[in-house]
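Presented below is the structure to which this report refers.
The values are calculated or read from the model by the stated rules, or taken from the named source; none is laboratory data. Worth saying up front: this structure is predicted, and the values here are computed from it rather than measured. Every residue, glycine among them, receives a Cβ derived from its backbone with ideal geometry; neighbour counts consider all protein chains shown.
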Amino acid sequence: MDTILTLHDLVRWLILLFGFLTVITAILGLASKSPYSKLADKSNLLFMILFDIQVVFGFILFFEKGWFDHLKHIGDFMKDSLVRFFSLEHWLLMLIAWILVHAGRTAVKKAPDAQSKHRKMLVYFGIALLLILIAIPWPFREAVARPWFRWF
């Protein structure tokens, strides 16, 4: 499980990299009214693929670390911020973000023109990135803090 947890931690940084790249590409594309580029397409594709891998790691951890078992007694853990975060908040926000990334990828591919593609990229991937940033157990979040990096 330590290997999966370390991989889950490291993939987070790649997701953030490609998430920010996707959002910045969308902003620049809208501002400059530029055509939809290969960079924009590849960045949001890699954002989606890495997020898919991350979700697999996350579900393995969710079930193997026993966070799922806490949902059976939901009233008991709502006051415990650590258990509530990992049993409910983290995975729920990440699941919503994952859905937005997939819906965004589809919406961008179906958009009729470059401006629509950039706009849809900004909205879908921007909201997803915001949810991801909220759901990460950053080291400065007292009750749920995790290290910046885990190593093997």
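Structure above, values below:
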item	result
Matching residues in the stretch 108-125 - criterion: being surrounded by fewer than 18 Cβ atoms within 10 Å (Cβ to Cβ) and not acidic (D, E)	K109, K110, A111, P112, A114, Q115, S116, R119, V123
Residue identified as in contact with a helix residue (DSSP H, G or I) (Cβ under 9 Å, 6 or more places away or on another chain), in a helix (DSSP H, G or I) and at pLDDT below 85 among L14, L71	L71
Some residue of the stretch 57-68 being assigned to a loop (DSSP other than H, G, I, E, B), without any contact (Cβ under 8 Å) to a residue 12 or more places away in the chain and either in contact with a strand residue (DSSP E or B) (Cβ under 7 Å, 6 or more places away or on another chain) or of a type outside the set (K, R) (or both)	yes
Residue that is surrounded by the most Cβ atoms within 10 Å (Cβ to Cβ) [pool: residues in the stretch 126-152 that are of a type in the set (D, E, K, R) and out of contact with any Ser or Thr (no Cβ under 6 Å at 6 or more places or on another chain)]	R146
All positions within the stretch 10-43 that are closer than 17 Å to L95 by Cα and not basic (K, R)	V11, I15, L16, G19
Options F63, F57; residue that is surrounded by fewer than 13 Cβ atoms within 10 Å (Cβ to Cβ) and farther than 16 Å from L131 by Cα	F63
Filtered residues of the stretch 25-54 (kept if loosely packed, with under 14 Cβ neighbours inside 10 Å and closer than 18 Å to A97 by Cβ)	D52
Any pair with Cβ under 8 angstrom, 6 or more apart, that starts in the stretch 1-13 at a residue that is within 15 Å of L46 (Cβ to Cβ) and ends at one that is at pLDDT 90 or above	V11/L50; V11/I53; V11/Q54; V11/F57; R12/Q54; R12/I136
Condition met for S43 (part of a helix (DSSP H, G or I), of a type in the set (S, T, Y) and closer than 25 Å to D9 by Cβ)	yes
Among (1) more than 19 Å from the chain's Cα centre (by Cα); (2) modelled with pLDDT of 90 or more - the single one T106 does not satisfy	(1)
